[in-house]
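The structure under discussion appears below in the form of C-alpha cells.
The values are calculated or read from the model by the stated rules, or taken from the named source; none is laboratory data. Quick caveat: nothing in here was measured; it's all calculated off a predicted structure. Calculation scope for accessible area: heavy atoms of the full protein, side chains included, ligands and nucleic acids excluded. Shrake-Rupley method; radii C 1.70, N 1.55, O 1.52, S 1.80 Å.
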Amino acid sequence: MKVYSEIELREMISNLRLVKETSNEYELQDKSELDLTTYELLLENLFTQKINDEIEIENLIKNIKL
C-alpha cells in the first residue's frame with residue numbers, strides 16, 4: 001500500500017468531502033466512499049503513530065535522566 005503524507009491525506013479527504021457535499025448530482029460512487037473512509041482511517045492512524053512516537057521519545061528521555 002502506498003504511504004501518504006499528512007498533507008496528501010488531508011487534500012484527498014477534503015476533495016472527496018467537497019464533491020460529496022457540493023451536490024447530490026455528483027454523489028460519490030461506492031469506490032469513492034471507500035476511498036474517503038480509507039483516507040480518513042489512514043490519517044487517524046498517522047496521528048496515532050505520531051502520538052505513540054512522542055510518548056516513546058518522552059519515555060526514553062525519562063529513562064536517560066534516571
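Quick rundown of the values:
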item: Set Leu41, Leu18, Leu60, Leu36: member being part of a helix (DSSP H, G or I) and at pLDDT 95 or above; result: Leu41
item: Residue check for Asn52: of a type in the set (S, T, N, Q), assigned to a helix (DSSP H, G or I), modelled with pLDDT of 95 or more and open to solvent by 90 Å² or more (accessible area, probe 1.4 Å); result: no
